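The values are calculated or read from the model by the stated rules, or taken from the named source; none is laboratory data. Keep in mind it's a predicted model, so treat the numbers as computed, not measured. When we count neighbours, we look across all protein chains shown, and the Cβ atoms used for this are built from the backbone with ideal geometry, even at glycine. Please note that ligands, DNA and RNA were not included when accessible areas were found on the heavy atoms of the full protein model with its side chains. Shrake-Rupley method; radii C 1.70, N 1.55, O 1.52, S 1.80 Å.
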Amino acid sequence: MLKLLSVLTFLTLTLPFLTHSFSPDHPTDRRILVLLDDLALKSSHSLFFKSLQSRGFELDFKLADDPKISLQRYGLYSYDALILFSPSVDRFGGSIDLAAILDFVDSGHDLVIAADTNASDLIRQIAVECGVDFDEDPAAMVIDHTSYAVSNTEGDHTVIASDDFIKSDVILGSKKIEAPVLFQGIGHTVNSENSLVLKVLSASPSAYSANPKSKLSNPPSLTGSAISLVSVVQARNNARVLISGSLSLFSDRFFRSKVQKAGSPKKHEKSANEQFLTELSKWVFHERGHLKAVNVRHHKVGEADEPAIYRINDDLEYAVEIYEWHGKSWEPYVADDVQVQFYMMSPYVLKTLSTDQKGSYFTAFKVPDVYGVFQFKVEYQRLGYTSLSLSKQIPVRPFRHNEYERFIPAAYPYYGAAFSMMAGFFIFTAVHLYSK
């Protein structure tokens, strides 16, 4: 009886998390933990939070130093994404620390980090682990004297109007962003050799990072377009991370502000912050750019059943269906760069798959004249999309002794030579024996 009660108690506590957890079939049925420096951020950044809630996300707001917060319960993750709007926190409450957050991402979950001029060493260390380095000067801010946001007061040109976006419809949506994005905060750099980190919003060539309250005594360490304002990471396990150097970027004040970029006569009634972050959050939380592959199959030409083994020089067909999640349903994914490898130590066959524009990809080829254990491999990686890694193993055997051709056309000259020599020998013998 006690065991039954224990099981029922466990199910009662864990079922709410299981029903809301990430699912490959419904990538956006998700719970998000939001850690704040101050609960007042719920109202000052309400437009961003409401845009998430309107798309079906369940947000759980907690103070970053709350001693009861935890990402896991009974060995299961209670949340599928984490938002850190707590740049000044030196130590998280509960069981959350640097290692727990990295494990969270390593488990395939998503992360949003918003830093600021008061970013703590902990937040900076999390960013470093994600492949991003903030300016080492704690008082530094991004300053731009040519691409700043025009205001009634001259100011120190730390409120930047940036429109240097990444050129990717899958990350920022197909609708063009007309107005600049307002940014006030710290800059960071990304390693150019790290293909997993992408700059989504960059500073202009005239920007630099320095303390706006003091005169420059040395050249700034971060300058020009090398400064990234907002970056994203897509890990090898398809977890996604958004890193911003500005918490104000998400604020209602910047969402609603009119904006005019210095040097431009055009004044926009509203900044692009809301559009930019809405589209970017759709990508970060897998509402866009999330692929799945199903119904992988292969068989001999003219047959329907998948064989257990192929023979060298067999003609075969390979097919797979690929779909993309569009927020509410799976739609056929259409591309012309999906390839399959027939692989053993190295690819013996590399074919680009044809498509019927309805999600089905297919090709046909001849098994190479090499026997062994092969794999059908699809390794698909495209900017902004989750990577696909498909592998199916199949052995290939040589011909049996009774499967070779009885007479090989290529050997006819040798057959002729042998029989002509026999005939010549017979004629020579006859002539030699019976001729006088």
- Item | Anisotropy class of the chain from Cα gyration tensor, a/c 1.5 cut | prolate
- Using the per-residue mean of other Cβ atoms lying within 10 Å as a proxy for protection, in what order, highest first, do the peptides 136-143, 385-392, 424-431 fall? 136-143, 385-392, 424-431
- Note on the structure: Between N295 and K68, the FRET efficiency computed from the C-beta separation at R0 = 51 Å comes out, to the nearest 0.05, as 0.70
- Starting with the highest mean, order 36-47, 301-312 by the number of other Cβ atoms within 10 Å, averaged over the residues of each peptide. 36-47, 301-312
- Message: Before I look further, what does the chain give for accessible area per residue, probe 1.4 Å, in whole square angstrom?
- Response: 53
- How high is the FRET efficiency from Q381 to M422, r the C-beta distance, R0 56 Å, rounded to 0.05? 0.35
- Item | Extension gain (nm, one decimal) between S46 and D97, 0.36 nm per residue minus Cα-Cα | 15.7 nm
- Taking the highest mean first, how do the peptides 242-255, 331-344, 199-212 order by number of other beta carbon atoms within 10 angstrom per residue? 242-255, 199-212, 331-344
- Query: What lysines sit close enough to K366 to cross-link, taking a C-alpha to C-alpha distance under 20 Å and skipping anything fewer than 8 places away on the same chain?
  - Reply: K300, K351, K377, K392
- FRET efficiency for A335 and L433, using Cβ-Cβ distance with R0 set to 56 Å, rounded to 0.05: 0.10
- Once label points are set 7 Å from the Cα along Cα→Cβ at both D38 and A262, what is their separation, rounded to one decimal in nm? 2.8
- Message: Quick check: at a probe of 1.4 Å, how many percent of the accessible area of the chain sits on carbon and sulfur atoms?
- Response: 54
- Projected label distance in nm at K366 and M345, using a 7 Å step from Cα toward the beta-carbon: 2.3
- the chain, helix-only ellipticity at 222 nm - DSSP H runs n ≥ 4, -39,500 (n - 2.57), divided by all residues, nearest 500: -6500 deg cm²/dmol
- Task: Within the stretch 355-436, list the GluC sites (Glu not before Pro) lying in a DSSP loop whose Cβ has at most 14 other Cβ atoms in a 10 Å radius.
- Result: E403, E405
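Would you mind classifying the stretch 127-286 by shape? Square roots of the alpha carbon gyration tensor eigenvalues, ordered a ≥ b ≥ c; an a/c under 1.5 is rounded, otherwise it is prolate if a/b is larger than b/c and oblate if not.
Verdict is oblate for the stretch 127-286.
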- Message: As I understand it, the value is the acute angle between the Cα axis of helix 273-284 and the longest principal axis of the Cα atoms of the chain; what does it come to in degrees, rounded to 10?
- Response: 40
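Given 0.36 nm per residue, what is the gain on full extension from S195 to V150 after removing their alpha carbon distance, in nm?
12.7 nm
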- Item | Karplus (6.51, -1.76, 1.60) ³J(HN,Hα), θ = phi - 60°, over the stretch 415-432, in Hz, Gly and Pro reported as x | 4, x, 5, 5, 5, 5, 5, 5, 5, x, 5, 5, 5, 4, 5, 4, 5, 5
- Candidates per chymotrypsin sites (Phe, Trp or Tyr not before Pro) in the stretch 58-165, loop by DSSP, up to 13 other Cβ within 10 Å: Y74
- Task: Positive end of the charge dipole of the stretch 220-332 (Lys, Arg +1 and Asp, Glu -1 on Cβ, about the Cα centre): tell me which of V320, W330, S244 has its Cα farthest that way.
- Result: S244
- Note on the structure: Inter-part gap, Cα centre of the stretch 337-398 to Cα centre of the stretch 92-148, in whole angstrom, is 39
- Query: Counting pairs of Cα atoms in the stretch 328-435, how many percent are more than 24 Å apart?
  - Reply: 56
- By the Cα gyration tensor axes a ≥ b ≥ c (a/c under 1.5 gives rounded; else a/b larger than b/c gives prolate, otherwise oblate), the shape of the stretch 83-193 is oblate
- Message: On C-alpha positions alone, give me the angle between the axis of helix 2-20 and the longest principal axis of the chain, in degrees, nearest 10.
- Response: 90
- Item | M141 long-range amide H proximity, modeled H, under 5 Å | A210, N211
